[in-house]
1. Please go through (1) out of contact with any helix residue (DSSP H, G or I) (no Cβ under 7 Å at 6 or more places or on another chain); (2) modelled with pLDDT of 95 or more for A148 and return the number of the only condition it doesn't satisfy.
2. Taking segment 185-196 on its own, how many of its residues are more than 13 Å from D145 (Cβ to Cβ) and either touching a Pro at 6+ places or on another chain (Cβ under 7 Å) or buried (at least 21 other Cβ atoms within 10 Å of the Cβ) (or both)?
3. What are the residue pairs meeting all of these: first residue in segment 210-227, first residue on the phi > 0 side of the Ramachandran plot, second residue surrounded by 20 or more Cβ atoms within 10 Å (Cβ to Cβ), Cβ atoms under 8 Å, and 6 or more apart or on different chains?
4. What helices (runs of 4 or more DSSP H), lying completely within segment 116-202, carry at least 1 residues that are aliphatic (A, V, I, L, M) and closer than 19 Å to S213 by Cα?
5. Among the residues of segment 98-130 satisfying the criterion of being polar (S, T, N, Q) and surrounded by 15 or more Cβ atoms within 10 Å (Cβ to Cβ), which is farthest from E182 (Cα to Cα)?
6. Looking at (1) modelled with pLDDT of 85 or more; (2) part of a loop (DSSP other than H, G, I, E, B); (3) surrounded by 13 or more Cβ atoms within 10 Å (Cβ to Cβ), find the lone condition where G36 falls short.
7. Are any of the residues in segment 222-241 touching a Leu at 6+ places or on another chain (Cβ under 7 Å) and under 18 Å from N137 (Cα atoms)?
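The values are calculated or read from the model by the stated rules, or taken from the named source; none is laboratory data. Being a predicted model, the structure only gives us computed values, none of them experimental. Cβ coordinates were reconstructed from backbone atoms using ideal geometry, including for glycine residues, and neighbour counts include every protein chain displayed.
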Amino acid sequence: MKNQIVFRAIGNKERLVDRVVEEVKKLIIDRKLLPGTMLPPERELAEQIGVSRTVVREAVQILTAMGLVESRQGVGTLIRQANGDQLSEQLNLMLQTKGFTLDNLHHVRSILEVEIAALAARQASEEEISELNGIVNRMEAQAGDPIAYAESDAEFHRCLAKISHNPLLVLLLDSIGDILREVRLSVSKYPDISLKAMPDHRQILERVQERDSEGGRQAMRLHLEHARHIQDQVIQQKAARPD
């Protein structure tokens, strides 16, 4: 069966190899390239992305070193199941290169999402509450799939922003979407993370259902504090492991 085209043309304004690597990483994170998916042959992939075969070859070598893909003799290049250590390394690199910390992120989320929760509780329609409830139910069903759970977690928070009925708040939340995605995936290996986080999401949902703005603020503030604690635990566990 012919490979479905999911790659975008990269262009030539930045270093092409790096841009190809970032494009494949994004498709993996967005679950458009699932574990076990075979990449198109080198020539076809180069044509889809709009770069040379040499660029594709170098990008695949980098992705292989990252542990995101693997090449099998006589089979091709496959997407690997990303583990928490690989994702944590990516997060650490992002934090170092962008010059901000997890505390910076926590402060921004506390300013932004606490008020989003309050607005959502004040303005949500019955249809919007039903949508939010559906996301929470799906998260509970995905407890055994940390990657899928992280994706639904992001959807929950973005849905709250939409329910605020302020498109600028959605835009602001989207502006930190990449780092939030990396954070959620990096902590996905934390033991029973869904069991620890689900009560918070259910509590936020209940405050929205009750039209309790102040309760929504408090529930979101507590959730973000729990999330920051889990991030610290993951960092400490990684630091304690011998190299």
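1. (2)
2. Filtering segment 185-196 down to residues more than 13 Å from D145 (Cβ to Cβ) leaves 186-187, 190-192, 195-196.
Right, trim to either touching a Pro at 6+ places or on another chain (Cβ under 7 Å) or buried (at least 21 other Cβ atoms within 10 Å of the Cβ) (or both) and you get 186-187.
Summing the residues that are more than 13 Å from D145 (Cβ to Cβ) and either touching a Pro at 6+ places or on another chain (Cβ under 7 Å) or buried (at least 21 other Cβ atoms within 10 Å of the Cβ) (or both) in segment 185-196 gives 2.
3. Listed by first residue and then by second, the contacts come to R211/A121; R211/A124.
4. Details: elements: 126-141, 146-163, 167-175, 177-186.
Correct list: 126-141, 146-163, 167-175.
5. Kept after step one, since they are polar (S, T, N, Q), are these residues of segment 98-130: 101, 104, 110, 123, 125, 130.
From the residues that got through so far, the ones that are surrounded by 15 or more Cβ atoms within 10 Å (Cβ to Cβ) too are 110, 123.
Details: S110: 18, Q123: 30 Å.
For segment 98-130, the residue satisfying everything is Q123.
6. (3)
7. No.
Matching residues to (1) buried (at least 16 other Cβ atoms within 10 Å of the Cβ); (2) in contact with a Pro (Cβ under 7 Å, 6 or more places away or on another chain); (3) modelled with pLDDT of 95 or more:
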{"residue": "L132", "(1), (2), (3)": "yes, no, yes"}
{"residue": "R211", "(1), (2), (3)": "no, no, yes"}
{"residue": "A219", "(1), (2), (3)": "yes, no, yes"}
{"residue": "I235", "(1), (2), (3)": "yes, no, no"}
{"residue": "K238", "(1), (2), (3)": "no, no, no"}
